[in-house]
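Written below as structure tokens is the structure these notes are about.
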There are 2 protein chains.
Amino acid sequence: MGTLTGIANGRAVNEDRALATPFLRCLIRLVRAQDTHGAWESKCDADLLAAFILTKEQRRKIPIIGDPDPDVLWRLQTFYTCVGLAIEERAGLVASPLMSISHEGFGRVLLTTGRLVVLSKTLRDVHRFGFETLGKLAEVGTKMVDDAIAVIDVYPNVARA
Amino acid sequence: MGTLTGIANGRAVNEDRALATPFLRCLIRLVRAQDTHGAWESKCDADLLAAFILTKEQRRKIPIIGDPDPDVLWRLQTFYTCVGLAIEERAGLVASPLMSISHEGFGRVLLTTGRLVVLSKTLRDVHRFGFETLGKLAEVGTKMVDDAIAVIDVYPNVARA
């Protein structure tokens, strides 16, 4: 029992740490900003992002035939918009996302600032978009932002063109 | 009568000149490549591109409410794919188009080579996509290609990054 409580506590500490990262702060703000009717007001931050989290078992159970769920597409759009916003927070340059996804769940996303492509990613199995833990979500998002900032540092004049 | 024939002849000469431009040659190849069942085999080049041509009166008559026609979306996609191919022909760099259009007919198209944005355009009233004459179609397409090549010349290393 003591060990189980210990694991649960450890998970809670990791969750809190993830929720405190600039990337997840930004994502939480972005999600709350879309809560027009206050339906999610009573939700804590972890619950608000719960739909972004999928265990391996949950992922496997989602069929990848048929059109991706509109909620998944919304989460995908929100995630990449958040990457763009986090880039803007750090570099002071607007990074606009452009996403194109076929009804089969394949697609591509581009983030550009000025004439510079700061992120280009092929998307697959969009139906199963999600992360194993909040920590993983924060890590992947933060890495994308870091990589984009590194590209801007290499080509600062193109990013401002 | 003589003058009318003269005007008709003049138009035919202009059409032939337009059809001989590298941009329209490329567009014709692209359209013919999609003619899987040979349905358009007997069509001459001008007829093949006829759907790209809209007079001002025809444009005005097309309502801009409701979802854009799938045929219009196909023409739009074909046009920008052609811009990308024509860039590739001249610069030797693959220019991949990414397009996102809302069901209301607004959207954005990006053409990138490497890390460089060579074309970025906001699309409006997609329902009415078309050009007044073949000459105009050739002119607009060629200008987009020229502008993209000019951008590549300014940032050659970013286009190859």
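The values are calculated or read from the model by the stated rules, or taken from the named source; none is laboratory data. Not measured: the values here are computed from a predicted model. No Cβ is skipped: glycine too gets one built from the backbone with ideal geometry, and neighbour counts run over all protein chains shown. Remember, those area values only see protein heavy atoms, side chains included, never the ligands or the DNA or RNA. Shrake-Rupley method; radii C 1.70, N 1.55, O 1.52, S 1.80 Å.
Some observations on this one:
- If you filter segment A:123-139 down to residues that are touching a Gly at 6+ places or on another chain (Cβ under 7 Å) and assigned to a helix (DSSP H, G or I), you find that the one that is nearest to A:Glu57 (Cα to Cα) is A:His127.
- Out of B:Thr78, B:Thr142, one residue alone is outside any loop (DSSP other than H, G, I, E, B), touching a residue at least 12 places away in the same chain (Cβ under 8 Å), open to solvent by 20 Å² or more (accessible area, probe 1.4 Å) and more than 13 Å from chain A (Cβ to nearest Cβ). It is B:Thr142.
- Set B:Gly66, B:Gly105: member being assigned to a loop (DSSP other than H, G, I, E, B), surrounded by 14 or more Cβ atoms within 10 Å (Cβ to Cβ), modelled with pLDDT under 95 and away from chain A (no Cβ under 13 Å): B:Gly105
- Test for A:Lys136: is it under 14 Å from the mean Cα position of the chain (by Cα), closer than 25 Å to B:Ser96 by Cα, open to solvent by 40 Å² or more (accessible area, probe 1.4 Å) and of a type in the set (Lys, Arg): no
- For segment A:123-134, a residue qualifies if it is within 14 Å of chain B (Cβ to nearest Cβ) and touching a Ser or Thr at 6+ places or on another chain (Cβ under 8 Å), but none of them does.
- Which listed residue, of A:Ser96, A:Ser120, is touching a Gly at 6+ places or on another chain (Cβ under 7 Å), within 14 Å of chain B (Cβ to nearest Cβ) and not hydrophobic (A, V, I, L, M, F, W, C): A:Ser96
- Boolean, B:Gly92 is loosely packed, with under 12 Cβ neighbours inside 10 Å and either within 30 Å of B:Val154 (Cβ to Cβ) or among the β-branched types (Val, Ile, Thr) (or both): yes
- Checking each residue in segment A:53-63 for being over 20 Å from the mean Cα position of the chain (by Cα) and within 8 Å of A:Arg128 (Cβ to Cβ) picks out no residue at all.
- Scan segment A:1-45 for residues that are of a type in the set (Asp, Glu), farther than 12 Å from A:Leu134 by Cα and under 19 Å from the mean Cα position of the chain (by Cα) and the total you get is 1.
- Each residue in segment A:40-57 was checked for being touching a helix residue (DSSP H, G or I) at 6+ places or on another chain (Cβ under 9 Å) and over 21 Å from A:Ala20 (Cα atoms), and 0 pass.
- Counting only helices (runs of 4 or more DSSP H) that fall entirely inside segment A:1-63 and contain at least 3 residues that are surrounded by 16 or more Cβ atoms within 10 Å (Cβ to Cβ), at negative phi and modelled with pLDDT of 95 or more, the qualifying elements are A:22-33.
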